[in-house]
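Reviewing the structure listed below.
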Amino acid sequence: MFDLATAPHVLIAGSTGQGKSVAINTIITSLLYKKHPAEMKLVLMDPQITELGLYRPISNHFLASLNDSDSVVTTGLDALNTLSALNREIDTRHQLLSMVNVRHIKDYNKLFVNRQLNLEHGHRYMPYIVVVIDSYSALALGYETEMTDALTKIVEGGRAVGVPLIITTKRPSSDIISSKMKSYIPT
């Protein structure tokens with residue numbers, strides 16, 4: 001067991017039957033047991049629908065999704081739109097942290113809970129947003145460049161503002177996961 005905040009981005013790779021889905025489900029389940037819905041939201045992406053679709057019943061509590069969309073993202077275009085929205089949220093969160101001169105979401109939320117931030121200035125409690133992508137290569141098919149750009153921005157800026165990424169793929173080669181993106185994924 002480990003604190004996901006200390007290793008905010010995780011790459012799980014291996015061939016079929018090696019336990020990638022078991023690892024993801026174990027991580028998600030432990031997060032659900034540990035965190036309250038106000039403290040954490042999940043963004044789930046699964047092009048095969050089979051692995052992460054079982055979390056749909058908790059969509060009103062734990063799953064974050066775009067307006068009028070399914071709680072589990074299953075297509076490349078929806079994934080790209082979701083990642084773009086996450087990048088906008090990351091930018092907003094960085095601005096909120098800089099307004100109060102803190103460097104990490106834990107410090108910001110501590111100020112918020114202690115009522116030291118003004119709601120009229122846009123301050124709000126920030127839950128962690130855990131992005132889980134199963135079978136990344138299948139999801140990115142046809143949108144490789146755009147997905148790589150969006151994910152690179154998430155792994156570069158998501159650590160401080162509470163947006164960890166957990167991604168699985170059968171082949172972690174450089175044509176699937178760029179070397180720049182790998183350099184920001186410590187686990």
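The values are calculated or read from the model by the stated rules, or taken from the named source; none is laboratory data. Computed from a prediction, not measured in an experiment: that's the story for all the values here. Neighbour counts are summed over all protein chains in view; Cβ atoms, including those assigned to glycine, are modelled from backbone coordinates with ideal geometry. Only protein heavy atoms, including side chains, enter the accessible area calculation; ligands, DNA and RNA are left aside. Shrake-Rupley method; radii C 1.70, N 1.55, O 1.52, S 1.80 Å.
With axes computed from alpha carbons, what is the tilt in degrees of helix 76-99 against the longest principal axis of the chain, rounded to the nearest 10 within 0 to 90?
Taking Cα atoms only, the helix is inclined about 30 degrees.
Solvent-accessible area of R56, probe 1.4 Å, all protein chains present, reported in Å² to the nearest ten, please.
Accessible area, nearest 10 Å²: 80 Å².
Arrange the peptides 176-184, 13-21, 123-131 so that the one whose residues have, on average, the most other Cβ atoms within 10 Å appears first. Kindly include the intermediate steps, with their values, before the conclusion.
Values: 176-184: 15.0, 13-21: 12.6, 123-131: 18.6.
The packing order, highest mean first, is 123-131, 176-184, 13-21.
Summing -39500 (n - 2.57) over the DSSP H runs of n ≥ 4 in the chain and dividing by its residue number, what mean residue ellipticity at 222 nm do you reach, to the nearest 500 deg cm²/dmol?
On the way: 6 runs with 71 residues, N = 187.
Result for the chain, helices only: -11500 deg cm²/dmol.
Quick check for me: using +1 on Lys/Arg Cβ and -1 on Asp/Glu Cβ, what's the dipole size of region 62-187 about its Cα centre, in debye to the nearest 20? Walk me through the intermediate numbers first.
Values: 13 positive and 13 negative charges, 133 e Å.
It comes to approximately 640 debye.
Between helix 20-34 and the chain, what is the angle of the helix's C-alpha long axis to the longest principal axis, kept within 0 to 90° and rounded to the nearest 10?
Helix 20-34 sits roughly 20 degrees off the main axis of the chain.
How much of the accessible area of the chain, probe 1.4 Å, is carbon plus sulfur, in whole percent?
Working: 5220 of 9890 Å².
With neighbouring chains kept in place, the figure for the chain is 53 percent.
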